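Q: This is the structure I have questions about; it appears just below.
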Amino acid sequence: MSRSLVRRRLTALVGAACLLLAVPLSASAQPAVQPGGPFVPPAQGEPNRSAILSFADVERELLSLERRSKGALSLDVVGHSGEGRPLYLATIGTGPERVWIQGRIHGNEPYGPDAALDFLKTLVAGGKHARDVLSEVTFAVIPMYNPDGSEAYIRQDTVNRIDLNRDWGVDQDIFDRLNEVRVQRGQNPLSQRTFDNYTQLRAVESQAFWYAFAEFRPHYMIDIHHQGSYLVDGSNEQTTFSVGISLDELMLSGDQWNTVRRMGVLAADAADRHGAVTTTRYPYINIPEGVVSAAMLNGPGPEGEYADWTPRGAMFFESRGGIGQKSRGYLIKQNVDGLWAITDAIADGTLDTVDADRWSSIPARGAFLPASGPDRNY
Ligand SMILES: [Zn+2]
């Protein structure tokens with residue numbers, strides 16, 4: 001792909017001092033741990049931080065992958081975080097279909113980088129499967145969207161203290177449409193003040209990745225998160241993995257609605273093949289200011305410009321909370337399995353043959369388990 005825009009922005013940012021400020025972990029950033037809830041196995045409360053990838057770990061691995069790939073993977077710095085850390089985007093592949101994968105936009109949701117790097121590792125290692133996929137698909141992978149928040153282990157960025165997944169652009173037309181849909185669904189319309197309070201790409205991370213999005217123009221996007229611990233609706237079993245769509249059907253084109261549901265079905269099927277994994281459907285939400293939402297709605301960029309590009313499908317994964325040593329392996333693997341299932345179907349052309357209506361047969365996410373640790377939402 002052409003990276004002229006990325007390069008231009010990189011050049012503009014090279015002069016910026018890359019000072020990493022030490023950020024003490026605020027007490028409020030670390031919720032009280034209440035291990036041993038009724039449905040939670042022992043020793044699966046909040047994670048041991050030493051098992052969570054740091055920014056330096058991710059950076060080291062990305063640089064190593066770039067070296068080992070012998071030119072197949074290119075690592076771009078598309079900007080710098082509020083504290084000056086490089087914002088890395090890895091691209092690999094030569095195929096006409098373009099897939100964007102991002103992790104850890106919320107800094108206290110740890111396993112997105114593990115899943116993204118595992119996926120990249122397989123692509124870089126070569127072999128027939130990887131070669132077949134890379135000849136059909138080009139990937140843009142952002143293992144750690146929010147490095148400052150990750151280092152501080154908080155949801156938000158550290159400079160503005162805003163949620164980076166509520167910071168993409170929404171214009172008045174999108175907002176009006178949101179309110180029309182809310183009324184159609186029997187909900188109260190949001191006040192104009194809500195629109196005025198949207199942060200609208202305030203964070204430098206949002207700006208940098210929006211320009212990278214506008215340059216890369218993905219057909220598909222997958223955003224990797226963690227939620228709290230929840231039951232499967234109507235059961236006493238805990239869900240380990242939820243697949244989610246961030247917009248009401250009525251906000252999307254028919255093709256987008258079908259495509260996002262097909263992506264969800266594929267990821268759910270693949271993750272569920274692992275015995276320890278129980279997949280659910282994330283509850284209804286309709287938030288145009290989220291990254292994958294704004295992308296699908298052609299939301300405006302930092303200076304009011306438009307990418308004039310809407311992905312066919314953009315959805316998200318959620319791993320359960322209460323993560324710990326014993327669950328780390330399969331919680332990462334369920335994400336990796338989901339990524340492969342979707343991208344294999346894109347590569348071999350079977351995505352559009354998936355029955356989109358199976359989406360509604362994925363079990364709903366049930367009750368929250370407060371004793372298992374803090375809640376997190378998409
Ligand atoms: Zn999240």
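Q: To the nearest 0.05, what FRET efficiency results for LEU63 and ARG217 with a Förster distance of 35 Å applied to their C-beta separation?
A: Given R0 = 35 Å and the Cβ-Cβ separation, E is 0.85.
Q: Please build a GNM for the chain, connecting alpha carbons under 10 Å apart, and tell me which residue among GLY186, GLY349, GLY234 fluctuates the most.
A: GLY186
Q: Another question about this same structure. Can you work out the FRET efficiency for the pair TRP309 and ALA371, with r the C-beta to C-beta distance and R0 = 41 Å, to the nearest 0.05?
A: 0.40
Q: Along the Cα-to-C-beta direction of HIS274, a point sits 7 Å from the Cα; which residues of region 341-362 have their amide N less than 18 Å from that point?
A: 341-344
Q: Still on this structure, please answer the following. If you keep only loop residues by DSSP, which GluC sites (Glu not before Pro) in region 259-348 have at most 12 other Cβ atoms within 10 Å of their Cβ?
A: The qualifying sites are GLU303, GLU305.
Q: Moving to a separate point now. With the chain treated as a Gaussian network of Cα nodes joined by springs under 10 Å, which of HIS80, HIS226, HIS106 yields the largest mean-square fluctuation?
A: HIS80
Q: Estimate the FRET efficiency between LYS326 and SER360 by the formula 1/(1 + (r/R0)^6), using the beta-carbon distance for r and 35 Å for R0, to the nearest 0.05. The partial results should precede the final answer.
A: Numbers: r = 33 Å, r/R0 = 0.93.
Computed FRET efficiency for LYS326 and SER360: 0.60.
Q: Leaving ligands, DNA and RNA out of it, work out the accessible area of ARG177 with a 1.4 Å probe and give it in Å² to the nearest 10.
A: About 90 Å², ignoring ligands and nucleic acids.
Q: Rounded to the nearest 20 debye, what is the charge dipole size of region 46-372 about its Cα centre when +1 sits on each Lys and Arg Cβ and -1 on each Asp and Glu Cβ?
A: Roughly 820 debye, rounded to the nearest 20.
Q: Return the distance in nm (one decimal) between the two label points of a simple spin-label model at ASN298 and SER135, each offset 7 Å from Cα along Cα→Cβ.
A: My value for the distance between the label points is 3.5 nm.
Q: At a probe size of 1.4 Å, how large is the accessible area of ARG161, to the nearest 10 Å²?
A: Its heavy atoms expose roughly 120 Å² to the probe.
Q: Work out how much length ARG193 to THR350 would gain on full extension: take 0.36 nm times their residue separation and subtract the Cα-Cα distance, in nm to one decimal.
A: Full-extension gain reported as 52.1 nm.
Q: Would you grab the residues whose amide H sits under 5 Å from the one on THR239? Only those 5+ places off in sequence or on another chain, please, with H modelled 1.01 Å from N.
A: Counting only residues 5 or more places away or on other chains, the set is TYR230, LEU231, VAL232.
Q: Extension gain SER235-SER54, at 0.36 nm per residue separation less the Cα-Cα distance, in nm?
A: Computed gain between SER235 and SER54 is 61.6 nm.
Q: Can you spot the lysines whose alpha carbon is less than 18 Å from LYS121's alpha carbon? Ignore those fewer than 8 places along the same chain.
A: LYS70, LYS333
The values are calculated or read from the model by the stated rules, or taken from the named source; none is laboratory data. All figures in this text were calculated on a predicted structure; none of them were measured in a lab. Heads up, the Cβs are rebuilt from the backbone with ideal geometry, glycines too, and the neighbour counts pull from every protein chain shown. Side chains included, ligands, DNA and RNA excluded: accessible areas come from the protein's heavy atoms. Shrake-Rupley method; radii C 1.70, N 1.55, O 1.52, S 1.80 Å.
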